[in-house]
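See structure below.
The values are calculated or read from the model by the stated rules, or taken from the named source; none is laboratory data. Here the structure is a predicted model, which means the values were calculated and not measured. Note that each Cβ is placed from the backbone with ideal geometry, even for glycine, and that neighbours are counted across all protein chains shown.
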Amino acid sequence: MSDETPAAPAMTDAENTLLIELKDGTVTIALRPDLAPLHVERIKTLTRQGFYDGVVFHRVIESFMAQGGDPTGTGTGGSPLPNVAAEFTTKAKFLRGTCGMARAQSPDSANSQFFIMFQPGAFLDGQYTIWGQVTDGMDAVDKIKRGAGQSGQVRDPDKIIRMRVASDAA
């Protein structure tokens, strides 16, 4: 047996694979249209519009998650598109590397903000929509600058350099 970490699985569905360029490397995310077709379509639409390019991770909480997708960088902004209705599931759990959609108090208020889990968060299961899973590049996610206090607001935050659907990234 080898002590090496196994290689990430090969991309088999480029249309449902997201590539996020961060300062410390590229993150590959397998999209989950089987769980959340509306949210996956929203992420792909905004990505193809270049919406996420240059957007910061405004809320980053140690041992929890990194949240981005707000063009204002304040946590109060979104895209000009209408909100997306919740697509909660019991088929998947919030694990390390799970990508979920941020929302306000209303379950049907997701728009453009998303988060990537640093650690499992069972308390989110069935309460937030899961739209993807990091398959490669979690080391780059782990290096996103953390915020302060319980709010996790980040001063001088890290940003998404570029985000692409793999089928468009050629």
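When GLY137 is tested against (1) at positive phi; (2) surrounded by fewer than 17 Cβ atoms within 10 Å (Cβ to Cβ); (3) in contact (Cβ under 8 Å) with a residue 60 or more places away in the chain; (4) not hydroxyl-bearing (Ser, Thr, Tyr), exactly one condition is not met: (2).
Exactly one residue out of GLY121, GLY73 is out of contact with any Asp or Glu (no Cβ under 7 Å at 6 or more places or on another chain) and under 20 Å from ALA30 (Cβ atoms), and it is GLY121.
Within the stretch 1-22, if we keep just the residues that are at pLDDT 95 or above and touching a helix residue (DSSP H, G or I) at 6+ places or on another chain (Cβ under 8 Å), the residue that is surrounded by the fewest Cβ atoms within 10 Å (Cβ to Cβ) turns out to be GLU15.
Taking each residue of the stretch 78-95 that is more than 23 Å from THR47 (Cβ to Cβ) and looking for partners that are surrounded by 15 or more Cβ atoms within 10 Å (Cβ to Cβ) and of a type in the set (Asp, Glu) with beta-carbon atoms closer than 6 Å, six or more apart or interchain, yields LYS93/ASP125.
Within the stretch 78-99, identify whether any single residue is under 14 Å from the mean Cα position of the chain (by Cα) and crowded, with 23+ Cβ neighbours inside 10 Å, and answer yes or no.
Let us first name the residues in the stretch 78-99 that are under 14 Å from the mean Cα position of the chain (by Cα), namely 94-99.
Pick out the ones that are also crowded, with 23+ Cβ neighbours inside 10 Å and you get 98-99.
So far as the stretch 78-99 goes, yes, one or more of its residues are under 14 Å from the mean Cα position of the chain (by Cα) and crowded, with 23+ Cβ neighbours inside 10 Å.
Condition check: in contact with a Gly (Cβ under 8 Å, 6 or more places away or on another chain), modelled with pLDDT of 95 or more and under 25 Å from ASP156 (Cα atoms). Does MET65 satisfy that? In short, yes.
Rundown of residues vs (1) part of a loop (DSSP other than H, G, I, E, B); (2) at pLDDT below 95; (3) charged (D, E, K, R), yes/no style:
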site: THR90; (1), (2), (3): yes, yes, no
site: ASP108; (1), (2), (3): yes, no, yes
site: ILE116; (1), (2), (3): no, no, no
site: GLY126; (1), (2), (3): yes, no, no
site: VAL134; (1), (2), (3): no, no, no
site: GLN150; (1), (2), (3): yes, yes, no
site: ARG164; (1), (2), (3): no, no, yes
site: SER167; (1), (2), (3): no, no, no
site: ALA170; (1), (2), (3): yes, yes, no
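Report yes if GLY126 is on the phi > 0 side of the Ramachandran plot and in contact (Cβ under 8 Å) with a residue 12 or more places away in the chain, otherwise no. The answer is yes for GLY126. Answer yes if at least one residue in the stretch 126-144 is over 12 Å from the mean Cα position of the chain (by Cα), over 19 Å from LYS159 (Cα atoms) and not hydroxyl-bearing (Ser, Thr, Tyr), and no otherwise. Yes, the stretch 126-144 has at least one match.
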